[in-house]
Amino acid sequence: MTDYHLVIDGATTPETWSYIDDDAPLNDAPIISLGRLKDQADALRARGGKLGVVLQADDPDKTRGKTSMGEDVHELAPYLDMLSLVSIAFPIYRNGRGYSAARVLRQELNFTGELRASGDVLYDQWAMMNRCGINAFELAGDVSLETFKTALGELSGAYQPAADQQRGALWARGK
Amino acid sequence: MYRYDEFDHKLVADRVDQFRGQVERRVSGALTEDQFKPLRLMNGVYLQLHAYMLRVAIPYGTLRSEQMRMLAHIARKYDRGYGHFTTRQNIQYNWPALDQIPDLLDELASVEMHAIQTSGNCIRNVTSDQYAGAINDEIEDPRIISEIIRQWSTFHPEFTYLPRKFKIAVTGHVNDRAAIKLHDIGIVVKQNDAGEVGYEVHVGGGQGRTPFVAKKMNAFVPKAKLLAYLEAVMRVYNMLGRRDNSYKARIKILVHETGEDEMRRLVEAEFAKIDASQMLTVPQEEIDRISAYFAPPAFETLPADSDGFTKAQTADADFARFVRANVVAHKQAGYAIVNISLKPIGGVPGDATDAQMDVIADLAEHYSLDEVRVTHEQNLVLPHVQLDDLKTVYDVLAANQLATANLGLISDQIACPGLDYCNLANARSIPLAQEISERFADLDRQYDIGELKIKISGCINACGHHHVGHIGILGVDKKGTEFYQISLGGAADENAAIGQITGRAFTEEDIVDAIETVVTTYTDLRTDGERFIDTYNRVGMEPFKERLYD
Amino acid sequence: MAQHAAKGARFQAVTANRLSDGEVVYWAADNRWVEGFSEAEIADGADAAEALLARAMPADFEAYVLEPYLFEVLEDASFYKPASVRETIRAAGPTVRLDLGKQAGA
């Protein structure tokens, strides 16, 4: 059981994945840390099967220096062929690093699997996350699908292209 | 001027509805204050000492007369009969009620205005040269690319929760009146050897606790690629900017800690990827469409001189002084640029009443081809006034306490709202500006002192630009009492520089005398024709220090 | 949110801004928010101040006000006054516009 309401591509969807601690055994649809992915890459590749990873926006171990920049999305590049899910963690909604991570994954690393938002994922951010290429949302348990769809439709258009289908007014006018 | 199309109108209306819903969710308890705060900030709603404050965007400082009239109406209906023009070319209202702000925003939207992204950790209102389209020797009207940037940055899904706020300024002239080197990104319109127009991009300037002059990141970005370049800068910043300490979260700190060369490498690498995708290359038809809005207005063909204008100056010495101080040459023969000082002696810098705003709107409609500009030095401009109309315009301004002839002089000070209004301030700014302006009230003395920019901030956030004042004043709090620190030698123009602190701070009682000491030190030491900043740059800090602390 | 009470302050009161219109309010002895500083309950000593703040912040306080906090008050002859310039200005209004704020009605 999860305590969130999972919405994928605009539909309520049962959770088939689980977040697995670094020292716990894998199940058949595990979401693991970037650290474990890098450490055990060869074994994981040999194992085959479904694999997901969670990308942290905070870096508690300060592996990238004192400035706590979070995990680097580019480090996923060598492993993307093994991954069918990337979960981008938003430790607090004000930390917007994950929006760039999502666009880099979709538009520069051409990741086509499930891209989800986990953590502090709130009403007023869903539409922007969606535009950045996130297609799966771990919503608070009491959020209805209807509320989710309302949030996504609050703004009727966009000025700029991102990782969704909208061209952006600067490009679409006169076309 | 740019006019909204159906798409622009709809999006602003959507945003008002969205904010109305957010206010309702806050009042109903569905949102906590912690959740609501960034949402209200992104609509320009702050909480100050006495009430909420609403900051309305004036993109690149350009207004039509009907928009100025709406600002007056809002001051009357939703506020206390006045507004405060800011260093970011915006206007702030100090007393709106939260539950009335959605209605206020509806009214603003009816004249193509809004408060979108006037606060919050997002890309803020783009600022520019107040003389755009009116001054000679401009490479291109900077409002064209400013409008393109405004649209690109509005509701940008990737850059709405940045590490910290982000400010972009543009100039199209070699004389920088937009302080572009003190912005997160500063853009200078340039022409290359082939005659093509593009942009020199400076990154990492800013004031606040740790001031920096921006570094030149790219000497020439072609016109159609500027958004791709800006998106690259923003992405590098959003991914690598610090989020552990809000005082170290601006891009200036990232540039400083990463190093200019490494920052350039990171930006260029990202730029190459975005540019290759072509997705942010703005179509020529859209550039042309937006450019057409900023085509020169319908100037009349007039002689370069006006007898009536010349005679009026001879007949009216006050008018002649106004012309000398506040009127600037226009690119079009027979026209002039008229600066309206919002710094009357003893007044609140940047404040205008609803009645004054209405008067200025009328003047713009009848005598300035419908346009008004807001300057980052908290004054207003009628950009296109015929020489033959100057005296009439002056008389109306004078009758409404709007004709103070002090542009660029010691009483034309920038001051933040300070502790009279602001939640962050440590000391008051406005009373100090008032005392200084009263001490130097004599205009002849001001003309003798010449160009001298005093800038006053009530705390280290530096909204009053004290770091870049020729004389900067910073208010500090010592155990609940106000003290004021002086810095000298700052500049916000094309020779941007951060001022140096003179030494220990002065009490409220002593600070105006100290400023006078600085000024007399300058007048004693200057050579013929030397401005304050020239003398300071020649003689340095020591002579001033000696006189201040003897 | 900055705290404005000096360490070791003897007298303190609780202030906040009202949610609907941002008006400066104070917590009064009869357990409600009032607009005038003169009606504010004054706590004597650190323990009393903490208790006062706790009373001003019941579970649903955010439905009425923003960011309540303690600030130092001085005893001056027969009445109390805010200790800092900041709280003096909040209690009265802008010093540059005596026609605005609470001082205007006084």
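A short reminder: the numbers here are calculations on the coordinates, not readings from a lab. Here the structure is a predicted model, which is why all the values come from computation and not from measurement. Using ideal geometry, Cβ is built from the backbone for each residue, glycine included, and neighbour counts are taken over all protein chains shown.
Brief remarks on what is shown
- Relative contact order for chain A: 20 percent, from Cα pairs under 8 Å spaced at least 6 residues apart, divided by residue count.
- DSSP beta bridges fully contained in the stretch A:4-172 are about 30 percent antiparallel.
- Choice from A:Leu155, A:Leu34, A:Leu145 showing the highest fluctuation, given a GNM over chain A with Cα pairs closer than 10 Å: A:Leu155
- Remark: C-alpha extents of the stretch B:6-109 on the principal axes read 40, 37, 24 Å, sorted largest to smallest.
- Between the residues A:Tyr159, A:His5, A:Ile92, the greatest Cα displacement towards the positive end of the dipole of chain A, with unit charges on the Cβ of Lys, Arg, Asp and Glu, is found for A:Tyr159.
- Bridge type composition, the protein assembly as shown - antiparallel percent by DSSP, nearest 5: 70
- Cysteines in the protein assembly as shown lacking a second Cys C-beta under 4.7 Å: A:Cys132, B:Cys122, B:Cys422, B:Cys459
- Candidate aspartates and glutamates - alpha carbon under 12 Å from B:Lys167, same-chain residues fewer than 8 apart omitted: B:Asp184
- Most mobile listed residue (A:Asp23, A:Asp58, A:Asp164) in chain A, GNM with C-alpha springs under 10 Å: A:Asp23
- Stokes-Einstein, applied to the Kirkwood radius of the protein assembly as shown over Cα pairs at a viscosity of 1.567 mPa s and 4 °C, places its translational diffusion at 45 µm² s⁻¹.
- Between B:Ile360, B:Ala505, B:Phe7, the Cα set farthest toward the positive side of the dipole of chain B (charges on each charged residue's Cβ, about the Cα centre) is that of B:Ala505.
- Of A:Ala158, A:Ala127, A:Ala46, the residue with the greatest mean-square motion in the GNM of chain A, using alpha carbon springs below 10 Å, is A:Ala46.
- Rg to Rh, two decimals, where chain B supplies the alpha carbon set and Rh follows Kirkwood: 0.95
- About the Cα centre, charge dipole magnitude for the stretch A:4-172 (Lys/Arg +1, Asp/Glu -1 at Cβ), debye: 500
- The residues neighbouring B:Tyr335, those whose beta-carbon lies less than 11 Å from its own, together hold a net charge of -2 under the Lys/Arg +1, Asp/Glu -1 convention.
- Peptide A:69-75 has a mean of 2 when you count, residue by residue, the C-beta atoms of other protein chains within 10 Å of its C-beta.
- Here chain C was treated as a single set of alpha-carbon atoms; its pair distances binned every 5 Å from 0 give 2, 13, 23, 26, 20, 10, 4, 1 percent.
- Long hydrophobic helices in chain B, taken as whole DSSP H segments with a C-alpha length of 15 Å or more on their own axis and mean Kyte-Doolittle hydropathy at least -0.5: B:142-153, B:226-240, B:354-367, B:511-525.
- Reach of B:Lys10 by Cα under 20 Å, taken over lysines that are not fewer than 8 positions away in the same chain: A:Lys149, A:Lys175
- Residue (of A:Asn135, A:Leu109, A:Ser18) at the positive-pole extreme of the stretch A:4-172, dipole from beta-carbon charges: A:Leu109
- Taken about its Cα centre, the stretch B:6-109 carries a charge dipole of about 320 debye when Lys and Arg each add +1 at the Cβ and Asp and Glu each add -1 at the Cβ.
- Convex hull volume of the stretch A:4-172 per residue (C-alpha atoms, cubic angstrom): 125
- Cα-based shape type of the stretch B:290-362, given that a ≥ b ≥ c are square roots of the gyration tensor eigenvalues and the cut on a/c is 1.5: oblate
- DSSP-defined antiparallel bridges as percent of all bridges, the stretch B:414-549, nearest 5: 70
- Size of electric dipole in the protein assembly as shown: Cβ of Lys, Arg +1 and of Asp, Glu -1, about Cα centre, debye, nearest 20: 1140
- Reachable lysines from A:Lys50, criterion Cα separation under 23 angstrom, eight or more residues apart if same chain: A:Lys38
- Only Cα sites of the stretch B:78-166 enter the Debye sum here, all with the same form factor; the resulting log10 I(q)/I(0) across q = 0.15, 0.22 1/Å is -0.75, -1.24, listed in q order.
- Averaged over C:89-96, number of beta-carbon atoms from partner chains that fall within 10 Å: 6
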